[in-house]
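First the structure, in the form of structure tokens, and then the observations on it.
The values are calculated or read from the model by the stated rules, or taken from the named source; none is laboratory data. Everything quoted here is computed from the prediction, not taken from an experiment. Using ideal geometry, Cβ is built from the backbone for each residue, glycine included, and neighbour counts are taken over all protein chains shown. These accessible areas exclude ligands, DNA and RNA; they are computed on the full protein's heavy atoms, side chains included. Shrake-Rupley method; radii C 1.70, N 1.55, O 1.52, S 1.80 Å.
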Amino acid sequence: MQSRNFKLFNLHSVVVILFTSLFFVNIGLAEQRTTHDSHKIEKQANLNVTLHTEPEMIEAGKFTTLMFKLTDEKGEPFTDLMVHHDRILHVLIVSENLQIVGHIHPEDFESRDILAELDGTYTVHFTFPLAGKYILALDVMTEDTEFSKYLYVDVTGTKKMTDISQDFRREKIVNGYTEEGGDRLAKAVDLADRNTKSKYYVKIDAPEKIKAGEMVHITYSFKRDDKPITDFVPFLDAPMHFAIVSTRLDGILHTHGTVLMNGKTHKMMKKDPHAGHNMKKPATTGHQHQGTTPEKFGPSIMLMTKFQKAGVYQIIGQLKHKDQILFPTFMVEVVD
Ligand SMILES: [Cu+2]
């Protein structure tokens with residue numbers, strides 16, 4: 001008990017010191033911005049991400065530490081990040097067969113190392129359930145732009161993942177997973193899993209033919225025990241998150257849904273998705289980027305997106321009902 005108090009006290013001091021030093025760092029950067037605008041743009045064009053894992057050879061079913069080192073074009077730590085969607089850095093993980101998904105953040109783990117983050121190293125932990133290839137997408141935001149980077153890892157082991165199976169159903173029963181508090185669900189989710197008790201009915205309305213390069217509207221409707229669900233709650237500062245991946249595994253688009261109210265989009269969401277954003281809460285590191293989502297909503301949520309190329313895409317959704325995190329996932333074919 002005593003040692004724990006001591007630890008907390010220390011952590012508190014560290015946080016106070018960090019806040020104080022961040023204040024000065026931010027002022028320094030703000031000044032640099034007004035005087036060296038061209039330098040800033042150059043810096044923003046280059047975010048390099050390198051991944052170091054522990055253990056180096058990732059094995060299926062074994063706890064793995066993933067350390068992402070973010071640097072600018074000069075190799076200097078890239079630390080000027082804003083909290084967006086409640087997190088400083090988002091990591092989306094999708095398996096090659098598009099059946100295993102993870103959505104994790106440095107803040108999701110008690111072992112979070114803020115000092116390392118100030119040096120550009122962000123750490124998450126994950127247990128890859130099956131052997132095979134996975135794509136990892138990183139999303140971060142600075143004051144003026146968003147960055148998306150992706151990389152791959154190969155996971156060894158005897159339990160291999162299945163091949164991609166094509167499933168173009170537009171109605172499904174999906175599982176709910178109990179959140180681990182604070183919008184956290186740090187474990188891998190197998191979309192093919194049929195064994196959970198919490199069940200939801202989901203239907204999508206999408207165009208018969210989805211064409212590459214065209215704006216597409218897909219509406220999700222949710223029911224439970226035959227009743228429309230009207231009390232979804234925001235999850236990570238959005239009504240619904242999406243990870244869109246093609247069978248080519250050539251990137252992940254991380255985007256967000258819009259609440260539909262009486263058939264219309266919610267008034268706060270009508271404009272540019274970023275127009276309603278402002279900075280509210282103080283952040284632990286970096287600045288804060290806050291969106292607007294109604295406190296309760298449902299049963300309809302809309303995804304507006306464009307598919308750049310023809311192909312087969314898995315649209316992995318994520319949203320929250322009470323303490324349940326749902327992953328409504330639908331596969332669509334996109335044609336030229
Ligand atoms: Cu995230």
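Placing dummy labels 7 Å off each Cα toward the beta-carbon, the span from T230 to A212 is 4.3 nm. In the complete set of protein chains, residue-level accessible area for R170 is approximately 70 Å², probe 1.4 angstrom. Between E180 and K159, the C-beta separation translates, for a Förster distance of 22 Å, into a calculated FRET efficiency of about 0.35. Mind checking which aspartates and glutamates have their Cα closer than 17 Å to the Cα of K296? Skip sequence neighbours fewer than 8 apart in that chain. Correct list for K296: D183, D231, D237, D323. Remark: the Cα gyration tensor places segment 131-233 in the rounded category, a/c being less than 1.5. Taking the centroid of alpha carbons for each part, segment 82-119 and segment 152-218 are 19 Å apart. Where the alpha-carbon atoms of segment 82-142 are placed on the principal axes, they occupy 35, 22, 17 Å, in descending order. Accessible surface ranking for D336, D190, D139, 1.4 angstrom probe, highest first: D336, D190, D139. Once the Cα-Cα distance is subtracted from the 0.36 nm per residue extended length, the K133 to T219 segment shows a gain of 27.9 nm.
Here the spin labels are modelled as points 7 Å beyond Cα on the Cα-Cβ line, and at F168 and K322 they lie 3.7 nm apart. The stretch between K197 and L51 holds 48.9 nm of extra length on full extension. This uses 0.36 nm per residue minus the Cα-Cα distance. A 30 angstrom limit on the alpha carbon distance is what I want to check against. Which of K62/K197; K187/K223; K159/K209; K172/K306 exceed it? Where the Cα-Cα span goes over 30 Å, the pairs concerned are K159/K209. Annotation note: chymotrypsin sites (Phe, Trp or Tyr not before Pro) in segment 47-145 located in DSSP loop regions with a Cβ neighbour count of at most 16 within 10 Å are F109.
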